[in-house]
Amino acid sequence: MTSATTSGASAQTGRAGSSTWTVILCWITVLLEGYDLVVLGAIIPTLLKTHHLGMTAGDATTIATLSLVGVAIGAVCVGPLADRLGRRRLLIGSVVLFSLFTIVVPLANSVTMFAALRLVAGLGLGACMPVSLTMMAENMPADRRARASTLTMTGYHTGAVITSLLALQVTDDWEILFYLLGVVGLVVAVVQWFKLPESEAFVRARRDGARRVPFTELLKPAYLRAGIGVWVASFMGLLLVYGLNTWLPKLMNDAGYPVPTAVTQLLVLNVGGVVGLVLGGYVADRKGIKGTTMGWFAVSVVMLACLSVRMESDLMLNAVVFLTGVFVFSAQVLVYAYVTNFYPASVRGTALGSASGIGRIGSIVGPSITGALVSSGIGHPWGFYFFAAVAVFGFLAVLTLPRTSAAARAEAAEPAV
């Protein structure tokens, strides 16, 4: 009796330790993507000022676009592979690919090579987030999956803040930022190899004989309605995230706010994003993911519309920008939380990868359209009208989503034994 009790306690301790490593390593992996999110933007002024490799503003735009294209392709392709080969191997492989090609970016001897290295690094980077989110969600009970997604994504914003602070310190020695990111990524991959366990949900699915599923599985009637809604909502959500992060300071400046105030709003926006992630996950787990996501998009519409109005009070401006960050950034992540809750383990990686990949198209479209509005001299107020309209489409997309998960419906349909 004592031996059995001790054995059970040891097993529970082992599972708890594995769970802790999963949380830590997935969070750090997402932090790496957050770091990479702003590293190129942080060094572009230096690259152009020093005419590195003869780089022009057009070259920088092409490099930035190809980086995002690589991320989008990686996100779409990793899902089916993760559902076939396992979450653990795919995550480690993706981190290694991203890290190796990041280290050699400063060694590029032409703009073409620079862009190609960023494209390939993006393939690995794009795979990191959907697999990390999948593993975190499968590591948590079903009633805590929203918090799992939002907690993981706090690493994203933390990484972005770290890059911003480091960029202020290294100034012209921009190569350090890439070397550091690549080396840290390889160290993380080594730790993952020894400490990161495979997802128990994936192991059970393979053990129970769940068949391997292609992307076309998502187009079948059981998943199609949810798939379309998730893809549209993810597209709109990432369009808002990247559009605001790219153009908010310029839109604020065009509205008549001084440059220091306009730049400060970007920090306020991202602080609000972190708070919103924690709050959104908690509310969604208690009140339901679909309803919470709809509410978050609805409030985003109001906040974005308010930003089109010139405010004389700094306190009022900070409050509106903060609340915009609270609701806009976490609305996007709650879409991912819906995916992890709706789809069964056998297709979850594929579904999350497709949502992330299609959403990445929005991350390219958003800054492009907003940039065109700014170039036309109508960035303010039409940039914020555009963002508000996008949030409306996000709300409508979530409205179409089924409330009952496909996994729950499948269980209910099984005959009683």
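A few notes on this one:
- Net charge over other residues, Cβ less than 14 angstrom from the Cβ of Thr154 (K, R count +1; D, E count -1): 0
- Relative contact order (%) - criterion: Cα under 8 Å, at least six apart; region: the chain: 25 percent
- Where trypsin sites (Lys or Arg not before Pro) in DSSP loops with at most 14 other Cβ within 10 Å are excluded, longest remaining stretch of the chain: 1-210
- Computed over all pairs of different Cα atoms, the Kirkwood value for the hydrodynamic radius of region 212-403 is 16.8 Å.
- Accessible surface, 1.4 Å probe, highest first, among residues Met129, Met316: Met316, Met129
- For region 293-380, convex hull volume per residue from C-alpha positions, Å³: 90 Å³
- Convex hull (Cα only) mean projected area of region 62-133, reported in nm² to one decimal: 4.3 nm²
- For the chain, hydrophobic long helices are taken as DSSP H runs at least 27 Å long by C-alpha position along their axis with mean Kyte-Doolittle hydropathy of 0.5 or more; these are 2-49, 57-85, 111-138, 145-170, 175-195, 221-254, 259-287, 314-342, 345-375, 379-399.
- Order by protection proxy (mean Cβ within 10 Å, highest first), peptides 366-376, 266-276: 266-276, 366-376
- Using C-alpha pairs below 8 Å separated by at least 6 residues, the relative contact order for region 19-202 is 41 percent.
- Surface analysis of the chain yields an accessible area of 42 Å² per residue, using protein heavy atoms and a 1.4 Å probe.
- A convex hull fitted to the Cα coordinates of region 19-202 yields 100 cubic angstrom per residue.
- Overall Cα dimensions of the chain - principal axes, largest extent first, Å: 72, 46, 42
- Dividing the summed -39500 (n - 2.57) terms of all DSSP H runs of n ≥ 4 by the residue count of the chain sets its mean residue ellipticity at 222 nm at -29500 deg cm²/dmol.
The values are calculated or read from the model by the stated rules, or taken from the named source; none is laboratory data. These numbers come from a predicted model, not from an experiment. Don't worry about glycine lacking a Cβ; one is built from the backbone with ideal geometry, like all the others, and counts go over all protein chains shown. Ligands, DNA and RNA are stripped out before the accessible areas are found, and what is left, the full protein with its side chains, is counted by its heavy atoms. Shrake-Rupley method; radii C 1.70, N 1.55, O 1.52, S 1.80 Å.
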